[in-house]
Structures are given as structure tokens and as C-alpha cells.
Amino acid sequence: MSKKSAEKKTATKRTDPVVHFEMPSQDGKRMAKFYTKAFGWETKNLGKEMGDYTLVSTSETDKKGGPKNRGMINGGFYPKTKDMKEAGPSLVIAVENLKKSMKKIEKAGGKVLGEPMKIPGYGTYISFLDTEGNRTSIMAPSMEMKKK
């Protein structure tokens, strides 16, 4: 197979993209102030009913809050608790089918954590540990997110 054929074949293969990042914070107000001052990011705390999760826009956003430019992602910060001994940065990967992806993760040697959770307006989400012990997440976007 020629180099061009291999590149073309790779370019058309569907992959599951990274669409969001997450990091813990001990002090949400301090974190928001830091990332706003240091990088110009916009933050929005979702309140107690959403676990004090803070959405972060790292680039120019569209009307629905998603990145306007291709290749950019936004993220969020969740409160770090005492029982999260090794909480750290994490990625969220978009998948077509959450249940099938959960099975693929386990078959590949990962461990799914807990039960899927619906996030209104965004999709269904679950975390997992990869074979290296990294906590990562997958999300099957809702119809609203797919229309972006």
C-alpha cells in the first residue's frame, strides 16, 4: 500500500474525539480568578444542584456555548473532596453509543466507574479507569449537542 493510500485510509476512519477536559479544584472562586487572569478563560458555576461544577470556555464560543473554532475544546472544574486522593486532570471523549463503548473499555482492560449519569442539554456520561490508572470519561452527546 502506498503512503498516500495509507494516509487516505487513516483520514476516513471514524475516531472518538476528545471534546472536554475536567480538573478538580479545592477553591472554585480562587480557581476561576486564576484561569480568568492567567488565560482569559470565562467561567460559569452551575450551582449546588449541579454539584458546584464550573464550566470553562477556553476559546470563542457559539450561541450554545461550544467552541466556534475546530480543534478547540472547553472544560470544567469539579470540587475536590477529601475522599478523592488522586483526583487529577481528565478528558471527556465523545462516543456514539455509551453502552457499546463501556463494553469496549472493559474488553480492552479498563474499568468502568459507577453508573451512567444524564447531564441535561449535554448527554449521558460515565467515568472509567484506563489500563494506566488514569480517570477519563466518555459521553454520548444528546440530540441538542449533536445539532451544534
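The values are calculated or read from the model by the stated rules, or taken from the named source; none is laboratory data. Because the structure is predicted, anything quoted here is derived from the model rather than measured. As a convention, Cβ positions derive from the backbone with ideal geometry for all residues, glycine included, and neighbour counts pool all protein chains shown.
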Q: Please enumerate the residues belonging to the range 38-62 that are touching a residue at least 12 places away in the same chain (Cβ under 8 Å), loosely packed, with under 15 Cβ neighbours inside 10 Å and in contact with a Phe, Trp or Tyr (Cβ under 7 Å, 6 or more places away or on another chain).
A: Gly51
Q. Of all residues in the range 92-101, which are within 22 Å of Thr54 (Cβ to Cβ) and either assigned to a loop (DSSP other than H, G, I, E, B) or among the hydroxyl-bearing types (Ser, Thr, Tyr) (or both)?
A. none
Q.
Here are the criteria: (1) surrounded by 14 or more Cβ atoms within 10 Å (Cβ to Cβ); (2) out of contact with any Ser or Thr (no Cβ under 8 Å at 6 or more places or on another chain); (3) at pLDDT 80 or above; (4) not aromatic (Phe, Trp, Tyr). Tell me which single one Gly66 does not satisfy.
A. (3)
Q) Do you know which of the residues in the range 1-28 that are surrounded by fewer than 13 Cβ atoms within 10 Å (Cβ to Cβ) and within 12 Å of Tyr78 (Cα to Cα) is modelled with the lowest pLDDT? A) Gln26
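Among the residues of the range 102-141, count how many are assigned to a strand (DSSP E or B) and of a type outside the set (Gly, Ala, Ser).
18
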Q. With respect to the numbered conditions (1) exposed (fewer than 12 other Cβ atoms within 10 Å of the Cβ); (2) modelled with pLDDT of 90 or more, which one is the sole condition not fulfilled by Ser101?
A. (1)
